[in-house]
Amino acid sequence: MITISNLSKFYKSGNETIAALSQINLQIQKGDIFGIIGFSGAGKSTLIRCLNRLEEPDSGRIVIGDTVITDLNEAQLRLARRKIGMIFQHFNLFDSKTVFQNVAFPLTVAGHPKDQIRDKVRELLALVGLEDKENDYPSQLSGGQKQRVGIARALVNDPDVLLSDEATSSLDPQTTYAILELLQDINRKLNLTIVLITHELDVLQHVCDHMAVIEYGRVAETGTVDKLFLNPESETARRFISIIDYYRDQRFVIEGTGAGI
């Protein structure tokens, strides 16, 4: 479904050239929920933004379905992006538009008939559990509700792929798991391929089938999520596991000693 071959991205900083991504190679199967994990600055957000060319790769090839994304001109890319939905960490909603208008925006810009827009938006608001919020404004919503609006808007063009760039990192744990459950439900109902960027190992464990660990702009390891937990190969994966183990041990000590009583 998604094939990334020898993908590289560089940035200039003064006289220095920094490799944000270096020779990335990945295969993501259709219908998978694929997690990409790494610490801050590892290059994971750059990678996901290269998939729809919000960031322009310097070299390499990206194929989504039958489309070579890296070969498209601007007009072709605009059409291709309609089939690549994206949800963001900070929601990216229009404060002056209602929930309905936010979700409808891509269809309105594309000139779809009003009755088709109405039916599609209401169908998606029902899917994300916001059918009673269509006339509300973002300022009236919780963080989790705002992200549900973002998800509905990302689905409005019936995409083949949904990209999630740290979409739960600004949410509390309870809301995070509710959003992850929603993404799993969407994946099952729509057979939608989801690529999920995160720095939270719990997110990876809860929702993803397969994963890649990004370390200093390179793929450090790939495989199933179970493999990551049972047999981490990369330094980054081992650090993530050790952090989780540390906090679990601390919680056990606190709860076991009755601290705070």
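The values are calculated or read from the model by the stated rules, or taken from the named source; none is laboratory data. Bear in mind that the values here come from a model prediction, so they are computed numbers and not experimental data. Cβ coordinates were reconstructed from backbone atoms using ideal geometry, including for glycine residues, and neighbour counts include every protein chain displayed.
Quick notes on this one:
- Of everything listed in (1) more than 14 Å from the chain's Cα centre (by Cα); (2) not in a strand (DSSP E or B), the single unmet condition for Ile24 is (2).
- Residue within segment 56-71 that is among the acidic types (Asp, Glu), surrounded by 14 or more Cβ atoms within 10 Å (Cβ to Cβ) and under 20 Å from Asp165 (Cα atoms) present: no
- Segment 149-189 - residue that is among the charged types (D, E, K, R) and within 22 Å of Leu54 (Cβ to Cβ) and, of those, farthest from the chain's Cα centre (by Cα): Asp158
- Set side by side, the residues Gly85, Gly31 differ, and just one is of a type in the set (Gly, Ala, Ser) and part of a strand (DSSP E or B), which is Gly85.
- Residue match in segment 46-55 (condition: assigned to a loop (DSSP other than H, G, I, E, B), of a type in the set (Asp, Glu) and touching a strand residue (DSSP E or B) at 6+ places or on another chain (Cβ under 6 Å)): no
- So Leu130, is it in contact with a helix residue (DSSP H, G or I) (Cβ under 6 Å, 6 or more places away or on another chain) and buried (at least 18 other Cβ atoms within 10 Å of the Cβ): yes
- Unique match (being among the aromatic types (Phe, Trp, Tyr), surrounded by 20 or more Cβ atoms within 10 Å (Cβ to Cβ) and within 24 Å of Val219 (Cβ to Cβ)) among Phe39, Phe34: Phe34
- Close pairs (9 angstrom Cβ cut-off, 6 or more residues apart or separate chains): modelled with pLDDT under 95 and loosely packed, with under 10 Cβ neighbours inside 10 Å in segment 109-122, outside any loop (DSSP other than H, G, I, E, B) and not aromatic (Phe, Trp, Tyr) anywhere: none
- Taking each residue of segment 149-170 that is within 14 Å of Val128 (Cβ to Cβ) and looking for partners that are of a type in the set (Phe, Trp, Tyr) with beta-carbon atoms closer than 8 Å, six or more apart or interchain, yields Val149/Phe91; Gly150/Phe88; Gly150/Phe91; Arg153/Phe105; Ala167/Phe88.
- Only a single item in (1) crowded, with 21+ Cβ neighbours inside 10 Å; (2) modelled with pLDDT under 95 is not met by Thr193, and it is number (2).
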